[in-house]
Amino acid sequence: MPLLEVKHFIAPFLAHALGSFVGSLVAALIAVSHKMGIALGIGAFTMLGGIIAVLMIPAPLWFVAVDIIFAYIPTAWIAGKLATSGRG
């Protein structure tokens, strides 16, 4: 891990962010009601997986912080907003 540069952490971050986003978007789009709550719930569930991964896989503290803060709940919120934007 000490030899890895910032560029090596872009793909894992994108995988976590896109996984949370797509999962939240699909769940919110097929939900009949409570779309935002369901999207955020999926984001929280994927964040739990990310926290568990942090405990098992060593990573630099800066990456752990960026990943947990920006990859899960914000992308789930964006997906929820996209799923609810069609309502009047």
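The values are calculated or read from the model by the stated rules, or taken from the named source; none is laboratory data. Predicted model, so just to flag it, every value in this text is computed and none were measured. For neighbour counting, all protein chains shown are included, and Cβ atoms are generated from backbone atoms with ideal geometry for every residue, glycine included.
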Scan (1) without any contact (Cβ under 8 Å) to a residue 24 or more places away in the chain; (2) under 13 Å from the mean Cα position of the chain (by Cα) for the single condition His34 breaks and write down its number. (2)
Name, by its number, the condition in (1) polar (S, T, N, Q); (2) farther than 13 Å from Ala17 by Cα; (3) in contact (Cβ under 8 Å) with a residue 24 or more places away in the chain that does not hold for Thr75. (2)
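From the list Ala28, Ala83, Ala53, which residue is surrounded by fewer than 16 Cβ atoms within 10 Å (Cβ to Cβ) and among the small types (Gly, Ala, Ser)?
Ala53
Yes or no, residue by residue, for (1) farther than 22 Å from Gly80 by Cα; (2) modelled with pLDDT of 95 or more; (3) in contact with a His (Cβ under 8 Å, 6 or more places away or on another chain):
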position	(1), (2), (3)
Met1	yes, no, no
Val6	yes, no, no
Phe21	no, yes, no
Leu25	no, yes, no
Thr46	no, yes, yes
With the first residue restricted to the stretch 41-61 and required to be more than 11 Å from His16 (Cα to Cα), and the second required to be of a type in the set (Ser, Thr, Tyr) and assigned to a helix (DSSP H, G or I), Cβ contacts under 6 Å at 6 or more apart or on different chains are Ile42/Ser24
Considering the stretch 35-88 alone, what residues qualify as being assigned to a helix (DSSP H, G or I) and among the charged types (D, E, K, R)? Lys35, Asp67, Lys81
Exactly one of these conditions fails for Asp67: (1) buried (at least 17 other Cβ atoms within 10 Å of the Cβ); (2) more than 28 Å from Pro2 (Cβ to Cβ). Give me its number. (2)
